[in-house]
Structures are given as C-alpha cells and as structure tokens.
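Comments concern the structure below.
The values are calculated or read from the model by the stated rules, or taken from the named source; none is laboratory data. Everything numeric here is computed off the predicted structure, so don't read it as measured data. All Cβ positions, glycine included, derive from the backbone under ideal geometry; neighbour counts span all protein chains shown.
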Amino acid sequence: MLIVALTGGIAVGKSVVTKVLKELGCFIHQADKIAHQLMTPEKPAWKKIVDHFGSKILSQDNTINRFKLGAIVFSDEKERLFLNKLLHPLVFEKKKEIINKLKKEGEFK
C-alpha cells in the first residue's frame, strides 16, 4: 500500500495531480473535507471554535462561515495557529480511521 499526502500552495497544480491520480484508480480523500465535517454544528471542534472566536463567525443556520473565519485566521497568526492546533490532530486521527477502515475492507493490501 502506498499512501500519498499531496500538499502545496495556491495554483501549484494539486487539483491536476489529484485528477490524474483518481483517473489511475487511486482512492482520494481530501483533508479539507474532513476539516469541514469536523466543523459542523455541535461537533466538538465546532464548539471549541465558536467558544474561541464567538458567534460572529456563524451563519444564520448556525454553521461556521468559513469566509468570516478565514478573514480572522489569515490576518492574525496567533488565531491561525490556534485553529491549526485544534483541527490538525483531529484531521490526522480521522485520516487514520479512514485508512484502517479501507484496509479492513480490503481496499489496501
């Protein structure tokens, strides 16, 4: 089994590489999607984020408005570090769960 983590800045070709890997039959799962799921209302990460940043980052439907949150974290290094320190371990743990599940199902050898 080969596990590849694809990272990079904006407009460096991550989407192109992802598309090629998918066409080759690779299983693709994006960390961004996991992070978004972790930030859905009433999840533990959602609560910690709202407790820290306040209700000003919420949309009317109680979801985190990623544009509002982004405006804060991309203009304040301490706030970005707080969010990363909270989410990164949770994302990595979820990734491990997904990989272990795929191994058990025979998707990986």
If I ask for residues that are assigned to a helix (DSSP H, G or I) and under 14 Å from the mean Cα position of the chain (by Cα), which ones from region 58-68 would you list?
ARG66
THR63 is checked against (1) of a type in the set (S, T, N, Q); (2) at pLDDT 95 or above; (3) exposed (fewer than 12 other Cβ atoms within 10 Å of the Cβ) and fails just one. What number does that condition carry?
(3)
Return the residues of region 4-17 that are assigned to a helix (DSSP H, G or I) and either more than 16 Å from the chain's Cα centre (by Cα) or surrounded by fewer than 12 Cβ atoms within 10 Å (Cβ to Cβ) (or both); say none if nothing qualifies.
SER15, VAL16, VAL17
Of all residues making up region 30-57, the number that are within 18 Å of the chain's Cα centre (by Cα), part of a loop (DSSP other than H, G, I, E, B) and exposed (fewer than 11 other Cβ atoms within 10 Å of the Cβ):
1
Under 9 Å between Cβ atoms, which residue pairs at least 6 apart in sequence (or on different chains) link something in region 1-26 that is within 15 Å of LEU102 (Cβ to Cβ) with a partner that is of a type in the set (S, T, N, Q)?
CYS26/THR18
Apart from one, (1) outside any loop (DSSP other than H, G, I, E, B); (2) closer than 25 Å to LEU6 by Cβ; (3) hydrophobic (A, V, I, L, M, F, W, C) all hold for PHE27; the odd one out is (1)
Just one of the numbered conditions (1) part of a helix (DSSP H, G or I); (2) surrounded by fewer than 12 Cβ atoms within 10 Å (Cβ to Cβ) is not true of GLY106; which one?
(1)
From LYS85, LYS78, LYS101, LYS96, grab the single residue that is surrounded by fewer than 12 Cβ atoms within 10 Å (Cβ to Cβ), within 16 Å of ALA45 (Cα to Cα) and not β-branched (Val, Ile, Thr).
LYS85
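Restricting attention to region 8-60, and to residues there that are among the aromatic types (Phe, Trp, Tyr) and at pLDDT 90 or above, which single residue is farthest from GLU79 (Cα to Cα)? Full working, then the answer.
Applying the first criterion (among the aromatic types (Phe, Trp, Tyr)) to region 8-60 yields 27, 46, 53.
Now drop any that are not at pLDDT 90 or above, which leaves 46, 53.
Values: TRP46: 15, PHE53: 9 Å.
Among those residues, the one meeting the criterion is TRP46.
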